[in-house]
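Written below as structure tokens is the structure these notes are about.
The values are calculated or read from the model by the stated rules, or taken from the named source; none is laboratory data. Predicted model, so just to flag it, every value in this text is computed and none were measured. Note that we place each Cβ from the backbone using ideal geometry, even for glycine, and neighbour counts take in every protein chain shown. What goes into the accessible areas is simple: the full protein's heavy atoms, side chains included, and nothing from ligands, DNA or RNA. Shrake-Rupley method; radii C 1.70, N 1.55, O 1.52, S 1.80 Å.
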Amino acid sequence: MAKVLILFAHPRYENSLVQQHLSTVAQKVSGVTFHDLYEFYPDFDVQIKYEQDLLIGHDIIILQHPFYWYSCPPLLKQWIDLVLEHGWAYGRAGKALAGKIMMNAVSTGGSQAAYQPDGFNRFTIGQFLAPFDQTARLCNMAYYPPFVVHGTHRAATRDIENAGESYRLLLEGIVAGKFSDEAIRNVTYLNELIN
Ligand SMILES: Cc1cc2nc3c(=O)[nH]c(=O)nc-3n(C[C@H](O)[C@H](O)[C@H](O)COP(=O)(O)O)c2cc1C
């Protein structure tokens, strides 16, 4: 059984529809630790040792957040800046995270078609997430393709419920080690493993 840590970042949780539902779903999956960064650190005062110990105790780290300006909300960036220390997470002596896995679980206002080379946003989600991919690599972690919920501006209740169901199945599958490395390597979004 893999131990999954979700680092959740949403600056306006009370206004959230999609991420709120995904969070409710995730918190019910056994084997998943759900860590709400904005709830924990409203003053951005991230406790480095506490966070590092949390990371040590888990195998798979999921960064769950709405896509904001083609990236993550600022507290998650603050968390990355402070917690992934040189000599601990990376650098010659920094091997604390070696062998672990990192991935993003994001929601976007834009549709999937908008995130294509010829689409409105010109780049794919994978391209926008390159800094996370390379951060994982620098920290000796593998990086999985993302789980993505697109088109949140137009999402109906049923779409949100379907996304929650996919996320639940994905998390349960990850905890159970159901997906092979090869299957994961062959998808653009982890959502495809569920369909
Ligand atoms: C400050 C801000 C920046 C955003 N930037 C993007 C963006 O770059 N790309 C995109 O597709 N959607 C963007 N959105 C839309 C959010 O991703 C979308 O509202 C969110 O994923 C919906 O989830 P929620 O209901 O949990 O808030 C942005 C929204 C806000 C408030």
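The table below gives the values:
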| item | result |
| --- | --- |
| Residue among 64, 112 that is within 13 Å of the ligand (Cβ to nearest atom), open to solvent by 60 Å² or more (accessible area, probe 1.4 Å), out of contact with any Pro (no Cβ under 8 Å at 6 or more places or on another chain) and closer than 14 Å to residue 149 by Cα | 112 |
| In the range 122-144, the residues that are open to solvent by less than 20 Å² (accessible area, probe 1.4 Å) and of a type outside the set (Phe, Trp, Tyr) | 125, 129, 136, 139, 141 |
| Some residue of the range 87-109 being in a loop (DSSP other than H, G, I, E, B), farther than 20 Å from residue 13 by Cβ and within 16 Å of the ligand (Cβ to nearest atom) | no |
| Hey, residue 90 touching a helix residue (DSSP H, G or I) at 6+ places or on another chain (Cβ under 6 Å) and more than 20 Å from residue 142 (Cβ to Cβ) or not | no |
| Residues located in the range 67-86, provided they are part of a loop (DSSP other than H, G, I, E, B) and away from the ligand (no atom under 16 Å from the Cβ) | 84, 85 |
| Scope the range 1-51; condition among the charged types (D, E, K, R), within 11 Å of the ligand (Cβ to nearest atom) and assigned to a loop (DSSP other than H, G, I, E, B); matching residues | 12 |
| The range 32-58: number of residues that are touching a residue at least 40 places away in the same chain (Cβ under 8 Å) and crowded, with 16+ Cβ neighbours inside 10 Å | 6 |
| Qualifying residue in the range 151-163 (condition: at pLDDT 95 or above, touching a strand residue (DSSP E or B) at 6+ places or on another chain (Cβ under 6 Å) and not acidic (Asp, Glu)) | yes |
| Within the range 131-186, tally of residues that are hydroxyl-bearing (Ser, Thr, Tyr) and either in contact with a Pro (Cβ under 6 Å, 6 or more places away or on another chain) or more than 22 Å from residue 32 (Cα to Cα) (or both) | 3 |
| Conditions (1) over 30 Å from residue 178 (Cα atoms); (2) open to solvent by 70 Å² or more (accessible area, probe 1.4 Å); (3) hydrophobic (A, V, I, L, M, F, W, C); number of the one not met by residue 1 | (1) |
| The range 102-122, subset within 18 Å of the chain's Cα centre (by Cα) and hydrophobic (A, V, I, L, M, F, W, C), residue nearest to residue 26 (Cα to Cα) | 105 |
| Single unsatisfied condition, residue 170 versus (1) open to solvent by less than 20 Å² (accessible area, probe 1.4 Å); (2) at pLDDT below 95 | (2) |
| Of the criteria (1) touching a residue at least 12 places away in the same chain (Cβ under 8 Å); (2) part of a loop (DSSP other than H, G, I, E, B); (3) at negative phi, which one residue 140 fails | (3) |
